[in-house]
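Shown next, in structure tokens, is the structure this report addresses.
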Amino acid sequence: MSNDIWSLLLGLGAGLACGFLNTAASSGSAVSLPILLMIGLDPVSANATNRIPVLIGAVAATASFHKRKALLWGLAVKVLDEAPRSANARSLSSGLTLWHFIGTTSAN
């Protein structure tokens, strides 16, 4: 068999394994990313290609939770609204801590 057929069979097998792992434990990327690299994709393309099924899975899960009325949209909006401020506060806090550490160690 040619290399292309082996790559196709490897991709098919990895896709099935990744689908199972994502359903069972959200770990499909642990299999798919190395396979994409093994078949010759560069790291950036492999990572970008690997994000597509993750996005599709997230959209499908959101739709499923919404359909079953199991998604608390009010809470989701509050979390999404607060997330950028929280990230900025953590970043600022880390920066100030580092600045304080540098200032106190250089004064000695």
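Derivation of every value follows stated rules applied to the coordinates shown; laboratory data play no part. Because the structure is a prediction, the values reported are computed rather than measured. All Cβ positions, even for glycine, are placed from backbone atoms using ideal geometry, and neighbour counts span all protein chains on display.
Quick check: convex hull of the Cα atoms in the stretch 1-86, volume per residue, rounded to a whole Å³?
Working: hull volume 10.1 nm³, N = 86.
In the stretch 1-86, the Cα hull volume divided by residue count equals 118 Å³.
Taking the Cβ-Cβ separation of Ser7 and Ala63 as r and a Förster radius of 41 Å, what is the calculated FRET efficiency to the nearest 0.05? List each step's numbers first, then the result.
Details: r = 32 Å, r/R0 = 0.79.
Computed FRET efficiency for Ser7 and Ala63: 0.80.
Rounded to the nearest 0.05, what FRET efficiency is calculated for Ala30 and Leu71 with R0 set to 25 Å and r the Cβ-Cβ distance? Kindly include the intermediate steps, with their values, before the conclusion.
Working: r = 27 Å, r/R0 = 1.07.
Given R0 = 25 Å and the Cβ-Cβ separation, E is 0.40.
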